[in-house]
Amino acid sequence: IAKAAAAASAFINPGPYEQAPQDLKRLVMLDTHDGFRCDINKQLSPYMAVVHSFWLGTNMIPDGRKRTYTWLTQVADETSLYMARVDPEKLSVDGRIHKAILGGVAMAKLQIGVSQDGQADQCLLDVDVNGPSWSANMKYGSMGGGLVYGCAFHQGITPKLSMG
């Protein structure tokens, strides 16, 4: 058993299970849009940035609007990220907090979204824990009035194969 455990830890951490298909998505799903889109970024300090995002004449907004404006601000350092996005037309606010815990072994993520109508409100807490050849995720929260909970485990089996 000790020999197998030593061999297993020689493999790299495959990353979170939810992000496993990201490389493929980057190839087959291009970032395309119709209409006019403009993102204005301003770095206010080494740790803080603000983004104004305009989207005009599009059919890609899920609620049927043809234009949108959002304001986003984020503060980040080596161990944490704080982000807030405001949509003044839809009267919604989204926020995220990502914080490294347990000396960087785990990452806690809190997502909150509130809107005037309350239909798509959410509060979701994730904890990602990483080992030398594995990752685990635990999730709990509420999305659209229903409870969300789950867990995932992703293990590197060989240098080119992982299972979860």
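The values are calculated or read from the model by the stated rules, or taken from the named source; none is laboratory data. What you see is a predicted model; the values in this text were computed from it and never measured. Ideal geometry is used to build each Cβ from the backbone, glycine not excepted, and the neighbour counts take in all protein chains shown. In case anyone asks, the SASA skips ligands and DNA or RNA and just uses the protein heavy atoms, side chains included. Shrake-Rupley method; radii C 1.70, N 1.55, O 1.52, S 1.80 Å.
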Residues of the range 111-133 being under 23 Å from Thr79 (Cβ atoms) and either of a type in the set (Val, Ile, Thr) or surrounded by fewer than 16 Cβ atoms within 10 Å (Cβ to Cβ) (or both), in sequence order, are Ile112, Cys123, Val127, Val129, Gly131, Pro132
Here, strands (runs of 3 or more DSSP E) confined to the range 56-139 with at least 1 residues that are closer than 30 Å to Lys160 by Cα are 92-101, 106-115, 122-130
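Any idea which residue in the range 134-164 is nearest to Val105 (Cα to Cα), counting only those that are of a type in the set (A, V, I, L, M) and open to solvent by less than 50 Å² (accessible area, probe 1.4 Å)?
Applying the filter and picking the extreme gives Ala136.
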Here the qualifying pairs (Cβ atoms under 6 Å; residues six or more apart or on different chains; first in the range 62-79 and within 18 Å of Phe36 (Cβ to Cβ); second open to solvent by 70 Å² or more (accessible area, probe 1.4 Å)) come out as Arg67/Leu56; Tyr69/Phe54; Thr70/Arg85
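Considering only residues of the range 76-92 that are surrounded by 15 or more Cβ atoms within 10 Å (Cβ to Cβ) and out of contact with any Ser or Thr (no Cβ under 8 Å at 6 or more places or on another chain), which is farthest from Ile40 (Cα to Cα)? Walk me through it before giving the result.
The first filter runs over the range 76-92 and keeps only residues surrounded by 15 or more Cβ atoms within 10 Å (Cβ to Cβ), leaving 80-87, 90, 92.
Narrowing the set further to residues that are out of contact with any Ser or Thr (no Cβ under 8 Å at 6 or more places or on another chain) leaves 80-82.
Numbers: Ser80: 23, Leu81: 20, Tyr82: 19 Å.
Among residues in the range 76-92 that are surrounded by 15 or more Cβ atoms within 10 Å (Cβ to Cβ) and out of contact with any Ser or Thr (no Cβ under 8 Å at 6 or more places or on another chain), the one farthest from Ile40 (Cα to Cα) is Ser80.
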Restricting the range 1-36 to residues that are over 13 Å from His154 (Cβ atoms), open to solvent by 90 Å² or more (accessible area, probe 1.4 Å) and part of a helix (DSSP H, G or I), the one modelled with the lowest pLDDT turns out to be Lys3
